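> Starting off with a structure, shown below.
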Amino acid sequence: MRSLLPDLTPWRSVPDFRLLWTQGLITYCGAAMALVALPLQIKDLTGSPLAVGAMGAVELVPLIVFGLYGGALADAVDRRKMIIATEAGLGCLALVLLVNAVLPEPLLWPLYLVAAGVAALAGLQRPALDALIARIVPHEQLAAAGALNSLRWQTGEIAGPTLAGLVVAFAGSAAAYGITLATFVLSVLMCRRLAPAPPSAGAEKPSLRGLAEGARYAWSRPVLVGTYAIDLAAMLFAFPNAIYPFLADDLDAEWALGLMYAAGAVGSLAVSLTSGWLSRSRRHGLLVIGGATLWGAGIAAAGWFERVWPVLLCLAVAGAGDLISGLGRGTIWNQTIPDRLRGRLAGIEVLSYSVGPQLGQVRAGAMASWTGARTAFWSGGLACLASVALLSAALPKLFAYDARTDPDALRRRAEPTAQ
């Protein structure tokens, strides 16, 4: 049993990792409040699944543009400063949501504007955050750090949506947005305590040439291409979060909306709490493929049940698969990408695991408008399974990846770690 427990070595030995972990837990809980309140508010204002799914379309362009630019910027500036600035920006957007929610007649267009702004700031922040983790945590502890970060995320994803459902039901959207704003204020104060994280020696200013260099590196590594492609396909076909409010209506279980948003995190939490084996795993490509397969199967099964508790169980299974695949992807990225390219490649990573969900929301909303919410679930899950099978066959190097023998992983191990 002890061998299954999470490896706490990064928490004990790296103070900045411990600070980032705590700060991230606070902001995840606050952001989850808005994650539930925002689509529910759009649903109440429009009554349209397509209008809720349109959030993905609104977020797509800012995410692409700022994700790529944020990756180049993370290699050229102090990553700590980038994190502080973007957290402050997200707090300002939470304030906009709060002001709009307290109006006698809340407006629809600010909700889409904020969704686009959140996508832009997340695109700027995530590469700097990922690159900072890869710098401060020793190479041999990266898998353990990934599992601990997932545990943090799941705790926020479970507590946040569950509490948000209660807060919105009994106190309204304004209260949920107020809590979100408070968590970002606290996050900025905590991030100011991080050690400076200046760029590597000889770092170039952000440029199209630098972006092209990162893209060429990624394209020349079939293992990296495989991680991007499988994640993009899985999210494109099987990311139904936008239509949870409509599935809850179909199941006559509006009370369970918060639980639907939290169910995936419950499954992920079960994996994290038994993640000790991940520190000993070396075949991370198998984790990517197997986890994506489990994700698609769980989403497909969720569309076949007519009672809410089996649906919640299926969503939990899907969440477990998503985490397994995500831990495999993150470990491969951190083990193989050199620090001088880390920000730019992290920008590409943002696109691979963020663009897919945005397009997936559009797909799910359009399909639900046409065929109903449950059909949108099972058809997307089956499409995910088919795409993962095809990509696995087309990219055998991902299947064969082994951290003990991969040349890029061996070179990355030899790089110094900043602590």
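The values are calculated or read from the model by the stated rules, or taken from the named source; none is laboratory data. Please read these numbers as outputs of a predicted model, since none were measured by experiment. Glycine gets a Cβ as well: all are built from the backbone with ideal geometry, and neighbour counts include every protein chain shown. We work out accessible area using only protein heavy atoms, side chains counted, and drop any ligands, DNA or RNA first. Shrake-Rupley method; radii C 1.70, N 1.55, O 1.52, S 1.80 Å.
> With a point put 7 Å past each Cα toward its Cβ, work out how far F170 is from A182 in nm, to one decimal.
Taking the two extended label points, one gets 1.5 nm.
> Work out how much length W370 to A389 would gain on full extension: take 0.36 nm times their residue separation and subtract the Cα-Cα distance, in nm to one decimal.
4.1 nm
> So, R0 is 30 Å and r is the distance between the beta-carbons of V102 and R193; what FRET efficiency does that work out to, to 0.05? Before the final figure, lay out the partial values.
Values: r = 33 Å, r/R0 = 1.09.
FRET efficiency, V102 to R193: 0.35.
> So what's the back-of-envelope 222 nm ellipticity for the chain, counting only DSSP H runs of four-plus at -39500 (n - 2.57) apiece and dividing by all residues, rounded to 500?
-26500 deg cm²/dmol
> Output the relative contact order of the chain, whole-number percent, from Cα pairs under 8 angstrom with separation of 6+ residues.
Relative contact order for the chain comes out at 29 percent.
> Mind giving me the FRET efficiency for W219 and R282? R0 is 22 Å, r the Cβ-Cβ distance, nearest 0.05 is fine.
On the way: r = 25 Å, r/R0 = 1.12.
FRET efficiency, W219 to R282: 0.35.
> Within segment 283-301, what residues put their amide N at less than 19 Å from the label point 7 Å along the Cα-to-Cβ vector of E140?
283-284
> Between A320, A386, A256, which gets the highest mean-square fluctuation from a Gaussian network model of the chain, Cα cutoff 10 Å?
Looking only at A320, A386, A256, the biggest GNM fluctuation is shown by A386.
> Determine ³J(HN,Hα), in whole Hz, for all residues of segment 143-150 in sequence, where each value follows from phi through the Karplus function 6.51 cos²θ - 1.76 cosθ + 1.60 and θ = phi - 60°; x replaces Gly and Pro.
Each residue of segment 143-150 in turn: 5, 5, 5, x, 5, 5, 5, 5 Hz.
> Compute the helix-to-body angle for 222-237: its Cα long axis versus the longest principal axis of the chain, expressed 0 to 90° and rounded to tens.
On a 0 to 90 degree scale, this one is about 0.
> May I pose another question? If I model a spin label at T274 and T46 as a point 7 Å from the Cα along the Cα→Cβ vector, what separation in nanometres do I get?
4.1 nm
> Enumerate the calculated ³J(HN,Hα) couplings along segment 298-304 in order (Karplus 6.51 cos²θ - 1.76 cosθ + 1.60, θ = phi - 60°), each rounded to whole Hz, writing x wherever the residue is Gly or Pro.
x, 5, 4, 5, 4, x, 9
> Given the options L327, L63, L189, state which has the largest fluctuation in a GNM of the chain using a 10 Å cut-off (strictly under) for Cα springs.
L189
> May I pose another question? For segment 225-318, what does the relative contact order come out to in percent, with C-alpha contacts under 8 Å and a separation of six or more?
Reported as a whole number, the value is 37 percent.
> Counting heavy atoms of the protein chains only and a 1.4 Å probe, report the per residue accessible area for the chain as a whole number of Å². Kindly include the intermediate steps, with their values, before the conclusion.
Working: 16970 Å² over 419 residues.
Roughly 41 Å² per residue, with all protein chains present.
> Give the carbon-plus-sulfur fraction of the accessible surface of segment 112-221 in %, rounded to a whole number; probe 1.4 Å, heavy atoms of protein chains only.
Of the solvent-accessible surface of segment 112-221, carbon and sulfur hold 68 percent.
> With point charges of +1 on the Cβ of Lys and Arg and -1 on the Cβ of Asp and Glu, referenced to the Cα centre of the chain, which listed residue (L93, L286, A320) lies farthest in the positive direction of the dipole?
Result: L286, furthest along the dipole toward the positive end.
> Determine, from the Cβ-Cβ distance of D250 and A88 and an R0 of 35 Å, the FRET efficiency 1/(1 + (r/R0)^6), rounded to the nearest 0.05.
0.30
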